[in-house]
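Visitor: Have a look at this one before I ask anything.
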Amino acid sequence: MSTRSHVDPQEALPLLRLGISQKLTLLFALFAATLLGATGWLAFKQGRAALESSVVAEVQSRALEKQAAIGSWLDGQLSELRGLSESPHIVDDFTKLADLPADATPDGWADFRDDLAARTGEGQDFVALFVMEPKSGRVLTATDPTDRGRQGAGEPYFTNGKIGAGLYLVPDRSRNLMLLSPFLSTPLRARNGPLVAVLVARLGTESLASTVDRRAGLRATDEAYLIDTHKQFVNRPRLLTDADASILTSDRSTAARLCLDHNDGLDLSNDYRGVPAITVYRWMPKFGLCLITKLDKAEAFAPVYELGRSLAIAGALLLLVASAASGLLSRTITNPIRRIESRLASGMWCCPSPRATSLAVWRVPSIE
């Protein structure tokens, strides 16, 4: 027959062996920890919500500012090109030149080209200008020799440029980067109305990028860029490294997909690099472009994490103070009880009197 060993409950539960002072101290400490934890968690949640709302509002505000600035700049370039195409001096000179045979090379072409060249280059609105024959798309004259070999057939800036002014994006491989260079085109008409040429302006990637990527410099991971309807980068994102630039030519993020569905909004998933980010996307229907403005979450929410650490440290310090105070408080309660126990143990009580009946008479000692 097996015997069951006897286990003293006080040995099985160490908490039962604690004195009343330790138990009260532990009770007060647990109460303080619960109170501080609940208060700290509520404070952290409210602070986090406020900080996150502030950061999101900052990115959204920057996106709206950039959208307005980019739209204004592009509208200004289109207006400038239309004004040039409607200039009486340009119209009259080109109308005369357009009537010459295709193989003619008069000095007038050089004068006309120099007139256009004065409106291009550093400090000017356009990087280059060239004029295309409206039927074949052949370049008649160009300020940049590299544009003379262009063929208009199939190019939207030539096909649509015969109808009205517009913005078009053409792959730019001049620096071995798969970027898109913005082209503007507009019809050039004679005074009596017939189309005599298509006037095309090349803006270059740098001129547009300088407008898109203009920043205050207060954030390390903020950036803005444009993509076209094929998700290709119009300007190179600032955080795109040289090693990745040759293989990463488009934005496959959720924000890009939503934006190219003609939406405006906010996305908190990964960016084109696979890094968690706060991304604001804005569709620009007039130009067929999507503006992406973003900030990495790690930087954006760093104050939130700092707030959590500060609250945790403050809570731990307050808990230590509360534990020490609870220890002192428990002693003020238990010390009188211990004095009573000590006096009772020292014999300051009497046994039942011989003359007592069935009831014992006890003398309770004074606590003074």
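Visitor: Which one of these is modelled with pLDDT of 75 or more and in contact with a Leu (Cβ under 7 Å, 6 or more places away or on another chain): 74, 36, 97?
Guide: Criteria check complete, one pass: 74.
Visitor: Could I ask something else about it? Would it be correct to say that residue 343 is in a helix (DSSP H, G or I), modelled with pLDDT under 95 and surrounded by fewer than 17 Cβ atoms within 10 Å (Cβ to Cβ)?
Guide: So residue 343 fits the description; yes.
Visitor: Could you check how many residues of the stretch 144-168 are β-branched (Val, Ile, Thr) and part of a helix (DSSP H, G or I)?
Guide: Total satisfying the criteria: 2.
Visitor: Sort out for me the strands (runs of 3 or more DSSP E) sitting completely within the stretch 179-260 that have 1 or more residues that are open to solvent by 10 Å² or more (accessible area, probe 1.4 Å) and within 25 Å of residue 77 (Cβ to Cβ).
Guide: By residue number, 179-189, 195-202.
Visitor: May I pose another question? Taking into account only those residues within the stretch 100-124 that are at pLDDT below 85, charged (D, E, K, R) and outside any helix (DSSP H, G or I), which is nearest to the chain's Cα centre (by Cα)?
Guide: Out of the qualifying residues, it is 122.
Visitor: Please find, among 292, 313, the residue that is open to solvent by 80 Å² or more (accessible area, probe 1.4 Å) and modelled with pLDDT of 75 or more.
Guide: The match here is 313.
Visitor: A further question on this structure: Search the stretch 39-55 for residues being hydrophobic (A, V, I, L, M, F, W, C) and at pLDDT below 75, and hand back the single one that is most open to solvent (accessible area, probe 1.4 Å).
Guide: 41
Visitor: Exactly one condition in (1) of a type outside the set (Lys, Arg); (2) under 24 Å from the mean Cα position of the chain (by Cα); (3) open to solvent by 80 Å² or more (accessible area, probe 1.4 Å) is false for residue 69; which is it?
Guide: Residue 69 satisfies all of (1) of a type outside the set (Lys, Arg); (2) under 24 Å from the mean Cα position of the chain (by Cα); (3) open to solvent by 80 Å² or more (accessible area, probe 1.4 Å) except (3).
The values are calculated or read from the model by the stated rules, or taken from the named source; none is laboratory data. Since the structure is predicted, the reported quantities are computational estimates derived from the model, not experimental observations. Don't worry about glycine lacking a Cβ; one is built from the backbone with ideal geometry, like all the others, and counts go over all protein chains shown. Just so you know, the surface numbers come from the protein's heavy atoms only, side chains and all, with ligands and any DNA or RNA stripped out. Shrake-Rupley method; radii C 1.70, N 1.55, O 1.52, S 1.80 Å.
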